[in-house]
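The values are calculated or read from the model by the stated rules, or taken from the named source; none is laboratory data. Please read all numbers here as calculations on a predicted model, not as lab measurements. In this analysis, Cβ positions are derived from the backbone assuming ideal geometry, glycine residues included, and neighbour counts consider all displayed protein chains.
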Amino acid sequence: MARGRRKAPAPRKDLTALIAPISVIIVLIASWWGVPLFIALSIGLLITGFFSVCPEFTGPKDSQGYPTPVGKEQAKFLRYRFWSDPRWKTFVPTLDWWPGKVPVAVTVLAVVMAGLACFQPLIGLLGPGTTAGLTATVLNAYCAYGLVCGFDSSWRETRSEFGGQPRTTVVDHARALPAGVVGWVLLAVAALAGIGVGVFLATTVVLTPAGVPSAWAGLPAGLLMTGVIAFTLTRKPALEHWRMLDEQRALWKPRWESLKVSAHLMDYVEHGFYSISTFETRSAAEVIKLGSKVVSAIGGGSAVALIAHPNLDSDGQEIPGSTHPNRLRIVTWPANEAPGPVIAEASEDEAVRLILHTAVWESRWARMKKWESHPIVVGFEEIAGQDEAAPASVTTFDLLQSLAMTAVLDTPNVLEVTVGEFPHGFTGAFAASPDTDPGTGKPVPGTQSGTRFQYIEMPTGVSVADPMASLDFTYQLLRLHLWQQAAGVQARAPEITDLVQVSGTRDDDDDLSLPCWRATLTVAHAMSVTAAVIRAEWREALSDGLSALTLLRGADLITGGLDYDGFEFDADAAFSDGSRLDEPAIDRIVDQDEWTARWARLFGDNPGKVPSMRHEQSKTRRLAGGVEIHQRAFVTRQNQSLTDVMKAEPTLSSVISAAPFAALDYMPDAKADRPGYRHPMGVAVRFAKQAVPSRPDVLAPVPMREDRKQTAPMWVLSAQIRNAIVAAKLAHPQLYAVTPLSREDSPAHLWQLWLRLHDGVTLAEVRKQASIIRRYLGSEYLRVGEDGDVITIVIGARPEKVEFVRPERTDEELAVMDWAQAFLDASVRKSEGLPPTLSAFRRLEKNPDVMIVDFALPSGLDTRRVKGVVDKLSGPTGFGSIQVQSGQGTGTVQIMCSRENPMPKAAPYDPETIAATPADQLPFAVGLDGEPVVFDVKQNTHLMVLGGQGSGKSVGLQAIINPAVMKDYEFYIADPMKGVADFQYLRGRSKAFVDTEVEDGGLFHVAAMLKAVYKKVAERKQLNMQHGVGNYRDLPSMCAPTRRWSSSTSSPRSSCWIRSRSRAWTRRSRPSGRRSWQRTERRKRSPSMSARSSARPVAWVSP
């Protein structure tokens, strides 16, 4: 028969709940009969402990192969330990008996109980007069002390499955008191209650029957009871942290079990919304790698971060930047809360804040999936904000070797991925951290560390112009916005080497004005942006971000309350280079920054092409109409062509608020030894906010007393002539001087320009394209000439419409240029394009209307070639009369010309000229050269004038007779056909005057006059024969016929003028002294007059 399986014995039942009260009753009864109380209690506790039963564990085995309790088994096991441990802790002295190893209150209580055990027989339970032996008394006190200490130890060690309840100290209980008035009131109540109870017990129960005076017994008993009451009242709050830690251990136990991780919760604290749990495990790094699983175990609604715990130094202090191999921290906070502001409110402890920041950033860095390691938070600083605004925070990170700085600062979207949306009312940016001075440990301004960086977070809407802004706060605010802009272009921001407040300091009344700051920037890294980028692209954004006007000058950034009324700089305000920082300097900076932005827009937001402004060349000048023209001078960058800059001129107006006038021009080279040369890198922008004259014809000069150089008109003319020449497909010239030929009040205007041609353009090319240039400018008149190694251009209205400043000189200069242009238009030039060159120019002294121009003909041209194009020369030159003849030298030609053809033209009789000629010569006309044309009576003793009716016979005779009248010739006049109608003015001056017509017997009167004349001739003939002379002028004076000359006949107020062709004009005197013109009858040209004078002279009579 097979043996059956032995049944497992049934588990014993735990009878401690029954035995404990029975033991207490028996002990009390025994003590009543004289058995020492505390000895009996110790024996009862020992017996009760033997009835406690250890439960059977059904949980998983531990590392040593023993099963572990689960569920209710753990509570049963703790109860078993509570009753079983005192079996030896109450009898055997252990460390729990030593003062300092248990709470102070427990030690005091044990001593008190031991003292009471000594007086037990006096209590009266054994009857009066009964005393105990010394051994029993000592043993009773020993058991009393051990019972209190052992029972407390067992109680504390079995309060939790995760470890014993910690002992509390007097300091712990003091901290557990409520803060403020409530704590002091509670302590006072405990003191009063304790003293009252202690005095009562001491005086009535214990000490007084023993013979101790009641007055001395009340005080120690009262203090003892005060301590007991205070201990009882504060024990629970003093253990609050332990209870919270125990709850968290219970909460984390299933989580770690699900992850199969052995981790012990060493500490747990709560700071506001944050909770920090410190664990110890075999490998902290392995647990940290399970971050995502830990987050899943915790559940949603919370943000979780697993961070390394720093190593500890010999003093137990954490070493920043180090990593403990077995410890880690898990920080949780509500996912919907902003980390930064909540940290500021969570704790004032810097160490706690550093932990919280580390946790927050670890959760953020975890979003960078490709990073093998994460930066470590090594520092955190809060900077007080403005008034009641939230503080700024600066978190400093240290990079591990596996992570480069470029991964953080030079990688796009790192901030967006890690931080995401900024907390409401906050903004932030990553920034390089300055290097640290090894000697002082302080940051070195203007440097960038290769292993550390920072995250700056600040409230939005703060302004650097706030009077309450501190230096540190302003410094971080500037860095924040600089790095935000740098992140937008994937670059690094410059560092601030110096930050100085240049205004807004306190005055004598302790009032604050709006501050202004000067920050000196430096490029600390190869990827750092330059000042040109900041000026071109960041200035407006910085002004918006800083809520204040922001300007730049070189490496200096100026920001603050610059644009507020009443703002003033400090007396010692200066730029970093030592120059004065004042309002004019700010005005120059504003202008420069505006132009920096404009250049950036012109060059497609390319800051590398932005020229640098030169304020010393910036000017403002006015035109005659009051329109202001502004000039801004710039210097281009290295390896940047001026031609590329000039290409921006067509779009220049669009960046100057659609200015009606905007032009680019080359700056003159002040160091050149000749005018018209360009600065190799200089360019000028000229613009006006009002319209300027569109044509040189209507551009009036400014008064010479205001600007002799005519700067403003020159700027306008420079733009116009340059654009016109470019339109003619020629390279840009350089205009360096202008002169107004017209008066300021002239109805139309004419300008003379001096230009130097560049890029191989020649004078001949400009002359060839003159018509295109003129039409582009819309002018009526344009002439091109040469002046040494430069060219001169006269442009504007036609000369006859202009009132000149110096008419004679200008007329001569224009004539020279007219001839040069005429030769080109008439193709009078060599194959190389060389026209005749003017060598001399003069006006006839006697006839200023006629000019004599001498030209030197280039090889291959002759006078015949010039004569063949006379008709073509008349139009371009404006000369109505042109006569070409050979010059005085070989290869020269002389041209006599006049604006109007002087054939015929009225010419005045000149009494002085007539008087200066011999008596037998009668000046009757003026030649083209202004010299008189004479009728020589000796050579032409007889004159017959033939011509048809109205052909000018009478007018011709008048021209000869009038000088004869002035020379007092004797006249015999007869005209029986017209009644001497054309010679009536000679009636009183003639020896004979026959005006009887033929019908009235006029021929007989003529015959009588001729007989009288013949008689006179015969008498003179006889007289000559008598004296043997051939001419009456050779007769002796005593017998020569008398001749008279009267100068009174020449009236300075009467003159005769010859008009060309068939018009004659008579000028008569008026009483007012002013002269008027009256048209006389029209005459035809008389072919019989060598001087071609057809004027009808008027008698020379006195009024």
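Side notes on the structure shown:
- Just one of the listed residues (Gly947, Gly878) is touching a residue at least 60 places away in the same chain (Cβ under 8 Å) and under 60 Å from the mean Cα position of the chain (by Cα), namely Gly878.
- Filtered by the rule that a residue be part of a loop (DSSP other than H, G, I, E, B) and of a type outside the set (Asp, Glu), the range 422-444 gives Phe422, Pro423, His424, Gly425, Ser433, Pro434, Pro438, Gly439, Thr440, Gly441, Lys442, Val444.
- Boolean, Gly300 is small (Gly, Ala, Ser), within 17 Å of Val377 (Cβ to Cβ) and within 51 Å of the chain's Cα centre (by Cα): no
- Filter pass, Pro918 being more than 20 Å from Leu986 (Cβ to Cβ) and outside the structural domain of Leu844 (by TED's automatic domain parsing): yes
- Extreme residue, nearest to His732 (Cα to Cα), among residues of the range 771-789 that are crowded, with 20+ Cβ neighbours inside 10 Å and aliphatic (A, V, I, L, M): Ile773
- Matching residues, the range 568-579, being farther than 14 Å from Val500 by Cα and touching a strand residue (DSSP E or B) at 6+ places or on another chain (Cβ under 7 Å): Glu568
- When Val716 is tested against (1) in a helix (DSSP H, G or I); (2) of a type outside the set (Gly, Ala, Ser); (3) closer than 27 Å to Arg678 by Cβ; (4) modelled with pLDDT under 90, exactly one condition is not met: (4).
- Within the option set Ser258, Ser262, Ser292, Ser283, being surrounded by fewer than 18 Cβ atoms within 10 Å (Cβ to Cβ) and at pLDDT below 85 holds for one residue only, Ser292.
- Summed over the range 619-668, the residues that are among the aliphatic types (A, V, I, L, M) and more than 20 Å from Gln734 (Cα to Cα) give a count of 7.
- Filter pass, Gln64 being under 20 Å from Thr158 (Cα atoms) and modelled with pLDDT of 75 or more: no
- When restricted to residues that are under 17 Å from His481 (Cα atoms) and among the hydroxyl-bearing types (Ser, Thr, Tyr), the range 380-420 contains 2.
- When residues of the range 971-1028 are limited to those that are among the hydroxyl-bearing types (Ser, Thr, Tyr) and part of a helix (DSSP H, G or I), the one farthest from Val955 (Cα to Cα): Tyr1014
- Residue check: Val408 meets all listed conditions (1) surrounded by 15 or more Cβ atoms within 10 Å (Cβ to Cβ); (2) in a loop (DSSP other than H, G, I, E, B); (3) modelled with pLDDT of 80 or more; (4) under 29 Å from the mean Cα position of the chain (by Cα) but one, namely (2).
- Of the numbered criteria (1) touching a Gly at 6+ places or on another chain (Cβ under 9 Å); (2) crowded, with 16+ Cβ neighbours inside 10 Å, the one Pro848 fails is (2).
- Residue match in the range 580-600 (condition: within 21 Å of Val500 (Cβ to Cβ) and in a loop (DSSP other than H, G, I, E, B)): yes
For (1) of a type in the set (Gly, Ala, Ser); (2) over 29 Å from Ala797 (Cα atoms); (3) surrounded by fewer than 15 Cβ atoms within 10 Å (Cβ to Cβ); (4) at pLDDT below 85, each residue gets a yes or a no:
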| site | (1), (2), (3), (4) |
| --- | --- |
| Leu623 | no, no, no, no |
| His630 | no, no, no, no |
| Leu642 | no, yes, no, yes |
| Ser654 | yes, yes, yes, no |
| Val702 | no, no, no, no |
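- Pairing each residue of the range 1021-1038 that is surrounded by 10 or more Cβ atoms within 10 Å (Cβ to Cβ) with any residue that is at pLDDT 80 or above and among the acidic types (Asp, Glu), provided the two are 6+ apart or on different chains, yields C-beta distances under 9 Å for Arg1033/Asp920.
- Every listed requirement among (1) in contact with a strand residue (DSSP E or B) (Cβ under 6 Å, 6 or more places away or on another chain); (2) outside any loop (DSSP other than H, G, I, E, B) is met by Gly676 save one, (2).
- Screening Gly385 on (1) of a type outside the set (Asp, Glu); (2) assigned by TED's automatic domain parsing to the domain that holds Arg249; (3) on the phi < 0 side of the Ramachandran plot; (4) modelled with pLDDT under 80 shows it passes everything except condition (2).
- Within the range 733-770, if we keep just the residues that are under 14 Å from Arg722 (Cα atoms) and among the charged types (D, E, K, R), the residue that is surrounded by the most Cβ atoms within 10 Å (Cβ to Cβ) turns out to be Arg756.
- Residue satisfying all of: in the range 466-500; among the hydroxyl-bearing types (Ser, Thr, Tyr) and assigned to a helix (DSSP H, G or I); farthest from Pro445 (Cα to Cα) among these: Thr474
- You will find that of Leu549, Leu581, Leu557, the residue that is more than 22 Å from Arg479 (Cα to Cα), among the hydrophobic types (A, V, I, L, M, F, W, C) and buried (at least 19 other Cβ atoms within 10 Å of the Cβ) is Leu581 and no other.
- Single unsatisfied condition, Val816 versus (1) within 27 Å of Met704 (Cα to Cα); (2) part of a strand (DSSP E or B): (2)
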